[in-house]
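The values are calculated or read from the model by the stated rules, or taken from the named source; none is laboratory data. Computed from a prediction, not measured in an experiment: that's the story for all the values here. Every residue, glycine among them, receives a Cβ derived from its backbone with ideal geometry; neighbour counts consider all protein chains shown. Calculation scope for accessible area: heavy atoms of the full protein, side chains included, ligands and nucleic acids excluded. Shrake-Rupley method; radii C 1.70, N 1.55, O 1.52, S 1.80 Å.
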Amino acid sequence: MVDDLRPDLGSYGHPLVQSPNIDRLAARGVRFERAYSQFPVCNPSRSSFLTGLRPLATGVLDNTTHYRKLLPDAVTLPQHFRTNGYFTASVGKVFHGAGGRNEWSNPEAWDLEAFPRGRRRARAGERERFPYREDKSIGWAAAAGRDRDQTDGQVALETVGVLEQARDRPFFVATGFLRPHTPWIAPKEYFDLYPQPALESYLAALEASAEAQPLAPGVSPDRIGREEQLALLRAYYACVSFVDAQIGLIFDALDRLELWQTTVVVLVSDHGVHLGERSWWWKNTLSEVSARVPLVISVPGLTPGGEASTALVELVDLFPTLVDLFGLPAVPNLDGRSLTPLLRDPGPDTPWKRAAFTQALRGGVAGYSVRTDRWRYAEWDQGLGAELYDHRTDPHETVNLAGDPTSAPTIQELRALLQAYREGRRAE
């Protein structure tokens, strides 16, 4: 699990990002081109897909509520594997807590919980800050030292040690990397992968979406200079490549321990993030870049290597997928659907659901969106606005068609899907 990772990866066709290790996983498995988070904030998203329940069912809508307070009897994904005889281990940030504090522990789910900690700061005076709101800022730094000096470097090494210990028994190992969540800190060598001329040309492509503003409570455009934008892009992508290198250490261990042929490997993020699109440098909107995530699954003997699925899938589908793949007893009332048919045949003719849903909460106002093959429709409660984008002609969501009278039939259809979702009915 990689925190705040967009599908800005080589295997997803990104022209700039260097991600050779994630790309080699994609060459072994199925890459899901249209996978969506159910809530573009860390704790609500993780509480959702690790319980197999949508945020409407978990009730977890912020970063402070432990899912156990609301769902004391819920069976989580790792807990189900543990109950069925698997050794389970959590390294790093898997559920929301990443600091090893007792209030975020999940002892019923794990035989082992490890929260490695690397250097907390780059070095005094090295860290830059950009104020993106009056009360908060994005920090980044090209850090001195080695990979293992950073927390994610420690997370990778700890995971390798767990795999070495667990290799001869059934295991469920979950590894959670902190980057590229802010602050964007990585060793300097990863910043050097992204020289300014390359970033300049990529940044120009973002400017087309700068004038379209998110219709979300509390969202106002970030008017920042070009140099600051270049610095932020560079820092984010440096962190992506840094985490990719740590993932490579784990994959090297799978090579050395000869585990690829007996191990299902899943790479996923909890949600996306804006990197200047629509003049926004954060998350928690109902936009494509906030909701869409990378999802790559490799299943020995099942997945055709290097293929992609364009089906609309959701993170809530992960729980039933792994239960299905390993033949575990079914868990009742899960909200997702097993991806196994798509793993066998990722082609467009495999029947699948027609919509994916994402919700958010800003300033106490709830928002809901539905993504279909062609459209993204979003609306906020309290009459705070609606958005409709045609992804066939406007993949960057720059032209809001919600006010166009000719869009009324489309809006009526999509609003009906959202209503079914909000009422807990099967709408996909």
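List of remarks:
- Pairs of lysine residues in the chain - Cα separation under 27 Å, sequence separation of 8 or more or cross-chain: 9
- Contact order, relative form, for region 263-382: 21 percent (alpha carbon pairs under 8 Å, 6 or more residues apart, mean separation divided by residue count).
- Residue ranges 51-61, 348-358, 167-177 sort as 51-61, 167-177, 348-358 when ordered by packing (mean number of other C-beta atoms within 10 Å per residue, highest first).
- With every protein chain in place, region 283-378: carbon and sulfur % of accessible area (1.4 Å): 49 percent
- Portion, in percent, of the accessible area of region 1-110 that falls on carbon or sulfur, probe 1.4 Å: 50 percent
- Placing +1 on the Cβ of every Lys and Arg and -1 on the Cβ of every Asp and Glu, with no other charges, gives the chain a dipole of roughly 680 debye about its Cα centre.
- Charges were assigned to the Cβ only: +1 to each Lys and Arg, -1 to each Asp and Glu. The resulting dipole of region 34-104 about its Cα centre is roughly 120 debye.
- Here each label is just a point 7 Å from Cα along the line to Cβ, and for ASP404 and TRP352 those points are 2.6 nm apart.
- Net charge of neighbours whose Cβ lies under 12 Å from the Cβ of ALA386, counting Lys and Arg as +1 and Asp and Glu as -1: -2
- Distance (nanometres) between label positions extended 7 Å along Cα→Cβ at ARG169 and ILE224: 4.7 nm
- A crude spin-label estimate for the pair GLN419 and LEU302, with each label 7 Å from Cα along the Cβ direction, gives 3.8 nm.
- Label of the coordinate-derived value, semi-axes √(5λ) of the Cα gyration tensor in Å, listed as (i) 31, 28, 21; (ii) 61, 26, 22; (iii) 36, 24, 20: (i)
- Accessible solvent surface per residue of the chain, calculated while the other protein chains remain in place, 1.4 angstrom probe, Å²: 40 Å²
- Normalised by the number of residues in region 1-116, the average gap of Cα pairs under 8 Å and 6 or more apart makes the relative contact order 17 percent.
- When Rg and the Kirkwood Rh are both derived from Cα coordinates, the Rg/Rh ratio for region 295-425 amounts to 1.02.
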